[in-house]
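The values are calculated or read from the model by the stated rules, or taken from the named source; none is laboratory data. For clarity, every value in this text was computed on a predicted model and none was experimentally measured. Methodologically, a virtual Cβ is constructed for each residue, glycine included, from the backbone with ideal geometry; neighbour enumeration extends over all protein chains shown. Heads up: the accessible areas ignore ligands, DNA and RNA and are worked out on the full protein's heavy atoms, side chains in. Shrake-Rupley method; radii C 1.70, N 1.55, O 1.52, S 1.80 Å.
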Amino acid sequence: MNKLFDLRFVIGLFFLIIGLLLIGYSFLSDATEYKKEVNLYCGLLFSSFALLMFMLKQKNKDDEV
Amino acid sequence: MKLELIDYLIIGIYFIFVIGIGFLLKRKVKTGNDFLMSNRNIPLWITSLAFISANLGAQEVLGMAANGAKYGLYTAHFYWLGAALAMIFLGVFMMPFYYGSKARSVPEYLKLRFDEKTRTFNALTFAVMTVFSSGVSLYALAMLMEVVLGWNFDLSIWVAATVVFIYIFLGGLTSAVYNEVLQFFLIVLGIAPLVFIGLDKVGGWEGIVQNVDDAKLHVWKGLDSPTNNPMGVDAFSMVFGLGFVLAFGYWCTDFLVVQRAMISKNLSDAQRTPIIAAIPKILMPAIVILPGIIILALQSKFTGFDLPTNPNGDPNYNMVLPILLQKLYPNGILGVGITALIASFMSGMAGNVTAFNTVWTFDIYQSHIKKNGSEKHYYYIGKAATVAGILISIMTAYVARGFNNIMDLLQLVFSFVNAPLFATFFLGMFWKRTTGHGAFWGLLAGTGTAALTHGLTVAEGKGGWIANIHEYYSGTGQAFNIAWISFIACFVVTILISLVTQPKADEELVGLVYSLTPKQKDSSKVWYKNPLWLGVIVLVVTLVFNIIFF
């Protein structure tokens with residue numbers, strides 16, 4: 001519960017969900033190759049940003065320890 | 001533009017998260033101080049991002065893209081000339097007085113420095129302006145969703161207002177600020193791919209240079225005369241009107257943004273908040289202005305990127321971003337783009353409502369209606385003010401729909417009130433002889449002069465309702481000139497009245513005036529914790545941008 005109060009975790013979680021949704025959609029939709037690629041790369045970008053947020057949260061936790 | 005299930009899913013997830021943040025913070029908010037001031041306990045990185053996000057409303061996101069298309073890179077002056085310098089000045093020079101005086105709001109600082117009537121004048125005009133702006137934001141959101149997506153106007157208003165209401169009512173200012181940070185990242189990451197795709201399609205910066213009128217790709221080159229640049233302004237009104245008066249007036253005195261710095265944990269953080277915020281701020285033109293320039297290149301190279309026209313036949317520049325979203329984003333990321341737009345509207349609305357409930361509770365209710373209430377009492381008053389603020393915003397949105405002219409008039413009147421404000425604060429902080437009477441009458445004189453200047457000048461068919469003694473080349477040029485003229489009027493009248501009225505004793509002004517406040521010895525050896533060094537870095541980077549795009 002405590003980590004839900006950390007904004008970095010909340011933001012990371014949001015972008016991870018959106019990123020995974022976009023990646024999944026890029027594989028499942030019957031859109032053109034270009035449209036699939038846009039969603040895939042954006043999904044990867046959001047997921048990477050989410051991981052960065054999680055890492056920053058973890059780093060802060062380690063610093064506190 | 002047609003959304004699919006994936007897009008609606010993304011919008012729905014966003015709503016769940018923003019409301020969820022309110023629920024998570026609910027248990028931490030118990031007193032009026034928690035609800036309205038976040039107990040002055042918000043970390044630096046959050047206050048800094050919230051500081052620019054509170055300004056990243058619809059006007060900024062849609063409006064700056066529109067200005068990018070209309071005026072080109074000259075729009076960047078709002079960032080590289082105006083915002084950057086003003087934010088550094090706020091952090092280095094003004095924040096010690098706002099934060100150090102323990103004032104809970106900007107109007108309260110005016111009470112401490114001057115007197116009750118100056119505070120009340122500022123608090124009342126600010127309170128009315130914020131709920132009005134919140135309503136306009138709501139109206140613009142509903143109109144955009146109706147035009148672009150075919151959504152029901154009433155439904156858009158009530159859904160957006162309800163979501164904002166829930167998260168502010170539950171978590172107060174902290175919830176608004178936390179959501180502003182999420183909204184900041186969503187806006188940046190939601191629009192950045194659009195810029196990338198657009199640039200790629202036109203052939204990069206080279207493609208922009210080849211396909212866009214050169215007059216729109218400079219920031220200083222055409223400022224020797226209003227006829228030589230698309231904005232229709234000259235260098236003096238740009239530098240003094242926008243860069244000094246308007247920008248400093250907004251960034252240094254508007255409680256909506258200053259509040260984000262005032263809830264920092266300590267003075268050092270409060271000082272660094274606007275300066276750290278200035279770093280992403282000077283990069284924002286890439287996200288908010290560049291789309292306007294990209295669409296010009298796209299129009300030149302391809303068909304299908306034309307903007308719809310207004311009833312008078314002019315292009316509707318506010319549609320720049322929606323058209324780019326429609327043409328360049330496939331479903332999926334389109335949902336993110338639309339959510340980013342919704343986030344910008346909600347961010348603007350929430351910022352206004354939280355500033356309104358604080359000023360109402362501390363500067364109007366506590367000051368004039370119930371002075372010695374308990375913390376719990378002001379907590380409930382703050383919550384009641386939130387309900388009232390949201391309801392008035394909704395009402396304003398409907399008025400805006402029916403009577404657009406009234407809204408234009410109100411916006412104009414508020415701009416008159418804002419224009420001279422920085423003169424009052426500047427003299428108050430740096431000239432100890434300034435008196436309450438001087439400040440009050442100076443503000444009124446500045447506001448009156450702004451109205452008078454508008455009544456005597458004409459630009460693009462507007463103004464001149466008294467007589468037409470001068471015609472400006474553009475409405476923007478008229479606004480910049482009104483700003484500096486009213487500043488001078490306020491400045492001179494404040495000095496004259498102050499010289500013939502009784503000033504406060506020196507001991508009453510310690511911590512409120514520069515010359516009477518002990519200078520802080522900066523114990524921090526680390527450069528990145530020193531506001532001055534951070535400010536210098538921002539200045540150098542800003543200067544480099546100005547040179548590159550001269």
Review point. What are the pairs, 6+ residues apart or on separate chains, where a residue within the stretch B:68-84 that is closer than 16 Å to B:K221 by Cα has its Cβ under 9 Å from a residue that is basic (K, R)?
Key: B:Y71/B:K216; B:G72/B:K216; B:L73/B:K216; B:Y74/B:K216
Practice item. Specify which of the listed residues (B:A343, B:A388, B:A397, B:A384) is assigned to a helix (DSSP H, G or I) and either under 23 Å from B:F78 (Cα atoms) or among the charged types (D, E, K, R) (or both). Key: B:A343
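Tell me yes or no: at least one residue of the stretch B:457-469 is in a helix (DSSP H, G or I), out of contact with any Leu (no Cβ under 7 Å at 6 or more places or on another chain) and open to solvent by less than 30 Å² (accessible area, probe 1.4 Å). Give the steps one after another, and end with the answer.
In the first step, residues of the stretch B:457-469 are kept if they are in a helix (DSSP H, G or I); the result is none.
No: the stretch B:457-469 contains no residue that is in a helix (DSSP H, G or I), out of contact with any Leu (no Cβ under 7 Å at 6 or more places or on another chain) and open to solvent by less than 30 Å² (accessible area, probe 1.4 Å).
How many residues does the stretch B:305-337 contain that are within 14 Å of chain A (Cβ to nearest Cβ) and in a helix (DSSP H, G or I)? I'd like the intermediate steps shown before the answer.
Here is the first cut: in the stretch B:305-337, the ones within 14 Å of chain A (Cβ to nearest Cβ) are B:324-337.
If we keep only those that are in a helix (DSSP H, G or I) as well, we get B:324-328, B:333-337.
Of the residues in that region, 10 qualify.
Results for (1) without any contact (Cβ under 8 Å) to a residue 24 or more places away in the chain; (2) open to solvent by less than 10 Å² (accessible area, probe 1.4 Å), shown as yes or no for each residue.
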| residue | (1), (2) |
| --- | --- |
| B:W205 | yes, no |
| B:A215 | no, no |
| B:V219 | no, yes |
| B:D224 | yes, no |
| B:Y250 | no, no |
| B:L296 | no, no |
Check your understanding: Is it true that some residue in the stretch B:304-317 is surrounded by fewer than 23 Cβ atoms within 10 Å (Cβ to Cβ), aliphatic (A, V, I, L, M) and in contact (Cβ under 8 Å) with a residue 60 or more places away in the chain?
Key -> yes
Review point. Which number in (1) of a type in the set (A, V, I, L, M); (2) out of contact with any Pro (no Cβ under 9 Å at 6 or more places or on another chain); (3) under 30 Å from B:S48 (Cβ atoms) marks the one condition that B:L217 misses?
Key: (3)
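Being under 22 Å from B:I548 (Cα atoms), of a type outside the set (D, E) and modelled with pLDDT of 95 or more is the requirement here; does B:L223 meet it?
Numbers: under 22 Å from B:I548 (Cα atoms): yes; of a type outside the set (D, E): yes; modelled with pLDDT of 95 or more: no.
Answer is no for this residue.
Kindly evaluate B:E180 against the criterion of being in a helix (DSSP H, G or I), modelled with pLDDT under 95 and more than 14 Å from every other protein chain (Cβ to nearest Cβ). Write out each step before concluding.
Details: in a helix (DSSP H, G or I): yes; modelled with pLDDT under 95: yes; more than 14 Å from every other protein chain (Cβ to nearest Cβ): no.
It is false that B:E180 is in a helix (DSSP H, G or I), modelled with pLDDT under 95 and more than 14 Å from every other protein chain (Cβ to nearest Cβ).
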Exercise for review: For the stretch B:151-162, indicate whether the set of residues that are more than 14 Å from every other protein chain (Cβ to nearest Cβ), touching an Asp or Glu at 6+ places or on another chain (Cβ under 8 Å) and assigned to a helix (DSSP H, G or I) is non-empty.
Suggested key: yes
Point to revise | Looking only at the stretch A:7-36, and only at residues there that are open to solvent by 80 Å² or more (accessible area, probe 1.4 Å) and assigned to a helix (DSSP H, G or I), the one that is nearest to the other protein chains (Cβ to nearest Cβ) | key: A:K35
Check your understanding: Can you name every residue in the stretch B:178-233 that is polar (S, T, N, Q) and more than 30 Å from B:A350 (Cα to Cα)?
Key -> B:Q210, B:N211, B:S225, B:T227, B:N228, B:N229
**Study point:** Members of the stretch B:118-163 found to be buried (at least 18 other Cβ atoms within 10 Å of the Cβ) and of a type in the set (F, W, Y), listed by number
**Key:** B:F121, B:F126, B:F132, B:Y139
Review point. Given B:K383, B:K432, B:K376, B:K462, which one is within 30 Å of B:M143 (Cα to Cα) and touching a residue at least 40 places away in the same chain (Cβ under 8 Å)?
Key: B:K383
Practice item. Could you please give the count of residues in the stretch B:473-528 that are closer than 30 Å to B:T75 by Cα, open to solvent by less than 40 Å² (accessible area, probe 1.4 Å) and hydroxyl-bearing (S, T, Y)? Key: 3
**Study point:** B:T75 vs. criteria touching a strand residue (DSSP E or B) at 6+ places or on another chain (Cβ under 7 Å), part of a helix (DSSP H, G or I) and surrounded by 22 or more Cβ atoms within 10 Å (Cβ to Cβ)
**Key:** no
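Give the residue, chosen from B:F185, B:F169, that is assigned to a helix (DSSP H, G or I), among the aromatic types (F, W, Y) and more than 14 Å from every other protein chain (Cβ to nearest Cβ). Walk me through it before giving the result.
Numbers: B:F185 fails: more than 14 Å from every other protein chain (Cβ to nearest Cβ).
Every option except B:F169 fails the conditions.
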Check your understanding: Going by the structure shown, is B:A69 surrounded by 23 or more Cβ atoms within 10 Å (Cβ to Cβ) and either under 29 Å from B:V212 (Cα atoms) or charged (D, E, K, R) (or both)?
Key -> yes
**Study point:** Cross-chain or 6+ apart pairs with Cβ under 8 Å, the stretch B:39-57 first and more than 11 Å from B:I276 (Cα to Cα) and open to solvent by 30 Å² or more (accessible area, probe 1.4 Å), then at pLDDT 90 or above and part of a helix (DSSP H, G or I)
**Key:** B:R40/B:M262; B:P43/B:D269
Study note, to complete from the structure: Scanning the stretch B:285-337 residue by residue, those closer than 23 Å to A:T32 by Cα and out of contact with any helix residue (DSSP H, G or I) (no Cβ under 9 Å at 6 or more places or on another chain) turn out to be B:T303
Check your understanding: Going by the structure shown, is B:G351 without any contact (Cβ under 8 Å) to a residue 24 or more places away in the chain and either closer than 25 Å to B:A50 by Cα or open to solvent by 20 Å² or more (accessible area, probe 1.4 Å) (or both)?
Key -> no
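Can you find even one residue in the stretch B:436-455 that is part of a strand (DSSP E or B) and in contact with a strand residue (DSSP E or B) (Cβ under 7 Å, 6 or more places away or on another chain)?
Initially, the stretch B:436-455 is screened for residues part of a strand (DSSP E or B), giving none.
So far as the stretch B:436-455 goes, no, none of its residues is part of a strand (DSSP E or B) and in contact with a strand residue (DSSP E or B) (Cβ under 7 Å, 6 or more places away or on another chain).
Across the stretch B:1-34, what is the number of residues that are within 9 Å of another protein chain (Cβ to nearest Cβ) and in contact with a Leu (Cβ under 6 Å, 6 or more places away or on another chain)? I'd like the intermediate steps shown before the answer.
Applying the first criterion (within 9 Å of another protein chain (Cβ to nearest Cβ)) to the stretch B:1-34 yields B:4, B:6, B:9-10, B:13-14, B:17, B:20-21, B:24-25, B:28.
If we keep only those that are in contact with a Leu (Cβ under 6 Å, 6 or more places away or on another chain) as well, we get B:24.
Here the count works out to 1.
Is it the case that A:S47 is at pLDDT below 95 and assigned to a helix (DSSP H, G or I)? Reasoning before the result, please.
Details: at pLDDT below 95: no; assigned to a helix (DSSP H, G or I): yes.
Judged against the criteria, A:S47 is not a match.
Could you pull out every one of the helices (runs of 4 or more DSSP H) wholly within the stretch B:247-304 that has 1 or more residues that are more than 18 Å from B:T47 (Cβ to Cβ), under 13 Å from the mean Cα position of the chain (by Cα) and modelled with pLDDT under 95? Give the steps one after another, and end with the answer.
Values: elements: B:247-253, B:255-262, B:267-283, B:285-288, B:290-301.
Because the criterion is at least 1 residues that are more than 18 Å from B:T47 (Cβ to Cβ), under 13 Å from the mean Cα position of the chain (by Cα) and modelled with pLDDT under 95, the helices (runs of 4 or more DSSP H) in the stretch B:247-304 that meet it are B:247-253.
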Review point. Assuming B:G535 fulfils every condition listed in (1) under 18 Å from B:G82 (Cα atoms); (2) open to solvent by 50 Å² or more (accessible area, probe 1.4 Å); (3) out of contact with any Phe, Trp or Tyr (no Cβ under 6 Å at 6 or more places or on another chain); (4) of a type outside the set (V, I, T) apart from one, which condition is it?
Key: (2)
